[in-house]
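Undergrad: One structure is given below, represented as structure tokens, and several questions about it will come after.
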Amino acid sequence: MMTSLLKRSLTLLRGNVIIKRLQIVVSDQPVEVIYKDIKNLHLSVHPPDGQVRVSAPLRLDDEAVRLAVVSRLGWIRTQQQKLAIQDRQSQREMITGESHFFMGQRYRLELRTDGPTGVRITRSGILQLSARPSADREGRERLLREWYRQQLKLVLPQLVAKWEVALGVDVAYTGIKRMKTRWGTCNPTARRVWVNLELAKKSPLCIEYVLVHEMIHLSATHHDDKFHALMDQHLPQWRLLRDELNRAPLAHENWGY
């Protein structure tokens with residue numbers, strides 16, 4: 001028998017919009033529910049453990065949300081099974097011999113403690129990280145993350161300019177940040193687009209897919225028929241790119257989209 005148990009509820013006032021956040025259990029499956037001022041219900045499954053999250057319109061009550069989850073339990077289980085078998089990187093120790101990804105390619109890391117600090121790819125295809133002898137694992141990892149950030153900053157402006165023309169939109173700001181549950185986000189009102197720093201490890205086509213996905217949200221806020229039609233029109237292979245992105249090894253921090 002399907003059961004639903006209310007575990008925690010929190011109501012927040014943000015501007016003129018009341019957002020209610022609660023935790024329910026549907027058929028032994030914990031579900032986080034967030035009520036927002038939106039039109040449609042959205043259900044998603046997030047790595048690493050298949051966390052289920054629902055964004056629900058304020059007009060729906062808890063029972064309607066529960067029934068929506070019940071109707072998609074089969075899909076939820078399928079997504080969780082996919083996550084369970086997806087490759088995951090162990091925590092990187094940032095030492096010579098490790099494998100690291102950049103722009104969809106795997107590189108062997110070479111740690112050096114002489115010369116100026118920095119990161120570069122050598123002519124022989126080695127990812128060379130030069131750090132101070134006193135730098136610990138976290139310090140070396142920060143150095144590599146900053147290099148990833150700088151490389152994305154070189155790629156994004158030309159892609160944004162290209163797709164602003166193609167999509168007929170105007171992006172006011174493009175930023176890079178670490179995100180645990182998304183590859184990108186878009187604020188249509190402020191016309192701001194953010195991409196996940198982890199994208200520096202993925203193929204250029206995957207980076208472009210995420211950017212196009214978010215830029216289309218400037219004219220199609222929800223994942224509705226209009227959104228899918230625009231994706232099909234401008235990036236017909238987007239589903240293949242989405243699958244490629246989802247098949248890629250998850251980082252130790254387990255990012256999702």
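The values are calculated or read from the model by the stated rules, or taken from the named source; none is laboratory data. Keep in mind it's a predicted model, so treat the numbers as computed, not measured. A quick note on method: Cβ atoms are made from the backbone with ideal geometry, for glycine too, and the neighbour counts reach across all protein chains shown. Just the protein is used for accessible areas: all its heavy atoms, side chains included, with ligands, DNA and RNA removed. Shrake-Rupley method; radii C 1.70, N 1.55, O 1.52, S 1.80 Å.
Undergrad: Step by step: first the residues of the range 42-74, then only those that are farther than 24 Å from Asp225 by Cβ and modelled with pLDDT of 90 or more, then the one that is nearest to the chain's Cα centre (by Cα). Which residue is that? Don't jump to the end; show me each part of the working.
TA: Just the residues of the range 42-74 that are farther than 24 Å from Asp225 by Cβ, to begin with: 46-52, 61-63, 66, 70, 73.
With the extra rule that they be modelled with pLDDT of 90 or more, the set shrinks to 52, 61-63, 66, 70, 73.
Working: Val52: 15, Asp61: 29, Asp62: 27, Glu63: 29, Arg66: 26, Val70: 26, Leu73: 23 Å.
My answer is Val52.
Undergrad: Another question about this same structure. Looking only at the range 33-41, decide whether some residue is open to solvent by 90 Å² or more (accessible area, probe 1.4 Å) and at pLDDT below 90. Please lay out each step first, then the result.
TA: From the range 33-41, those open to solvent by 90 Å² or more (accessible area, probe 1.4 Å) are 37, 39; that's our starting set.
The next check asks that each one be at pLDDT below 90; those that pass are 37, 39.
Yes, the range 33-41 contains a residue that is open to solvent by 90 Å² or more (accessible area, probe 1.4 Å) and at pLDDT below 90.
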